Amino acid sequence: MSDSVYDLSQLEELGGGDMDFVNMMVATFLEHTPGQLEEMKKAHASGDWATLGSIAHKIKPNVDMFGINTIVQDIRDLEQMGKAGESGPDMDSKLAKVDQELNKAFVALSER
């Protein structure tokens, strides 16, 4: 496990040490979250802030549960900015960081 990218301890605790549960949750994350990330980037590109905020809201629990600590605040900020209809360089940099860190997590989790 690469602690710098993700931390499954919360997920393992939630599953009571059941590795089948953990593996199922990882598989579900890897199946759905990359598509959600792409949808969020498309919403950003088209200026659809409400959709961006809504998708960030969907991704947020996974960021927490999978211990992707480098973007915990960024995904929350994107959710709030999207819901408030705000944009700008801060949103751009936060989305770029979320994109980069989630892609690292996708690779690390698929190789675990």
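The values are calculated or read from the model by the stated rules, or taken from the named source; none is laboratory data. Here the structure is a predicted model, which means the values were calculated and not measured. Positions of Cβ are backbone-derived with ideal geometry, glycine not excepted, and every protein chain shown enters the neighbour counts.
If only residues of the stretch 15-41 that are over 18 Å from the mean Cα position of the chain (by Cα) and surrounded by fewer than 14 Cβ atoms within 10 Å (Cβ to Cβ) are counted, the one that is modelled with the lowest pLDDT is Gly17.
Do we find that Val107 is of a type in the set (A, V, I, L, M), surrounded by fewer than 15 Cβ atoms within 10 Å (Cβ to Cβ) and in a helix (DSSP H, G or I) in this structure? Walk me through how you get there before you give the answer.
Working: of a type in the set (A, V, I, L, M): yes; surrounded by fewer than 15 Cβ atoms within 10 Å (Cβ to Cβ): yes; in a helix (DSSP H, G or I): yes.
Yes: the conditions hold for Val107.
Every listed requirement among (1) within 22 Å of Gln10 (Cα to Cα); (2) in a helix (DSSP H, G or I); (3) not aliphatic (A, V, I, L, M) is met by Ser93 save one, (1).
Any residue in the stretch 12-27 that is closer than 18 Å to Asp64 by Cβ sitting within a Cβ distance under 9 Å of a residue that is in a helix (DSSP H, G or I) and among the charged types (D, E, K, R)? List the pairs, counting only those 6 or more apart or interchain. As it stands, the answer is Phe21/Glu12; Val22/Glu12, since those pairs meet every condition given.
For the stretch 66-89, enumerate the residues that are more than 10 Å from Trp49 (Cβ to Cβ), touching a residue at least 12 places away in the same chain (Cβ under 8 Å) and of a type outside the set (S, T, N, Q). First the steps, then the outcome.
Residues of the stretch 66-89 more than 10 Å from Trp49 (Cβ to Cβ): 66-77, 79-80, 88-89.
Now narrow it down to the ones that are touching a residue at least 12 places away in the same chain (Cβ under 8 Å): 66-71, 74-77, 79-80.
Phe66, Gly67, Ile68, Ile71, Asp74, Ile75, Arg76, Asp77, Glu79, listed by residue number.
Go through the stretch 1-14 and give me each residue that's in a helix (DSSP H, G or I) and surrounded by 12 or more Cβ atoms within 10 Å (Cβ to Cβ). Scanning the stretch 1-14 gives Gln10, Leu11, Glu12, Leu14. Would a scan of the stretch 75-85 turn up a residue that is at pLDDT 95 or above, in contact with an Asp or Glu (Cβ under 6 Å, 6 or more places away or on another chain) and closer than 25 Å to Asp7 by Cα? The answer is no; no qualifying residue exists.
Just so you know, in the stretch 64-90 the residues that are over 29 Å from Met25 (Cβ atoms) and part of a helix (DSSP H, G or I) include one that is nearest to the chain's Cα centre (by Cα), and it is Asp90. Could you tell me whether the stretch 46-62 includes any residue that is assigned to a loop (DSSP other than H, G, I, E, B), within 12 Å of the chain's Cα centre (by Cα) and under 21 Å from Lys104 (Cβ atoms)? Checked the stretch 46-62: no residue is assigned to a loop (DSSP other than H, G, I, E, B), within 12 Å of the chain's Cα centre (by Cα) and under 21 Å from Lys104 (Cβ atoms).
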